Amino acid sequence: MSKHFLFFDFKCKENCNGCGIKCYRGAFRCGKCRFTLDFACLTLPHSALHKIDEHMLNLTCHDDKEQSYCDICEQERDPSLWYYSCSICDTSAHLKCVLGEFSFLKDGSIVPFYYYKHNRDLKFFRKVEGYPECSYCGKLCQEEILKCEKSPYAIISFAANVIGVTKPKALW
């Protein structure tokens, strides 16, 4: 990690050193080196809990291994990008696998109806009991969902990958 003072550069178009994503709307940079962070990586928690490990997972910025894998999704992980790890158990995982896709949304947050062509606002929930069926894609919801309080059948699973890609048609 950079040990220099970071400033916000509105014109920065570099890749973030934390996640590797190109910063199109500016980024926090070091004036002495090319270290760059986007806002999401700048505000990441230094440690987090996840069911994959009994210990706190610590934000880690470098891996010496040539090939690394995420212990949550079991996909290859770029060792040059930030990740969460447990040094006791030798567990490592992608940032999004530990924090979830919507790490800054609280359970019960209201999502306005116009995002999903639903006539009522929907509520966000991180964990779901009983794995309900998604009323958009038909898959079983295992993680984050949107749910209508008025209708027990109106559930949208984020596994359907509908956020930011397409707006689902009302099925209820």
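Observations on the model:
- The modelled label-to-label distance between LEU140 and GLU14, using points 7 Å beyond Cα along the C-beta direction, is 4.6 nm.
- As a rough guide to protection, the peptides 55-68, 27-40, 8-21 ranked by mean Cβ packing within 10 Å, highest first, stand as 27-40, 8-21, 55-68.
- Chain lengthening between ALA40 and ASP78 when straightened (0.36 nm per residue, less Cα-Cα): 11.9 nm
- Carbon/sulfur fraction of accessible area - segment 1-114, other protein chains in place, 1.4 Å, %: 55 percent
- Total formal charge among the other residues, if their Cβ is under 11 angstrom from that of GLU149, Lys/Arg +1 and Asp/Glu -1: +3
- The orientation-averaged shadow of the Cα convex hull for segment 20-63, equal to a quarter of the hull surface, comes to 4.3 nm².
- Histogram of C-alpha separations across segment 44-99, 10 Å bin width, %: 28, 63, 10
The values are calculated or read from the model by the stated rules, or taken from the named source; none is laboratory data. A quick note: this is a predicted structure, and the numbers were derived from the prediction, not measured. Positions of Cβ are generated from backbone atoms using ideal geometry, with glycine treated the same way; all protein chains shown enter the neighbour counts. For the accessible areas, the whole protein counts, side chains as well, though only heavy atoms, and no ligand, DNA or RNA atoms are used. Shrake-Rupley method; radii C 1.70, N 1.55, O 1.52, S 1.80 Å.
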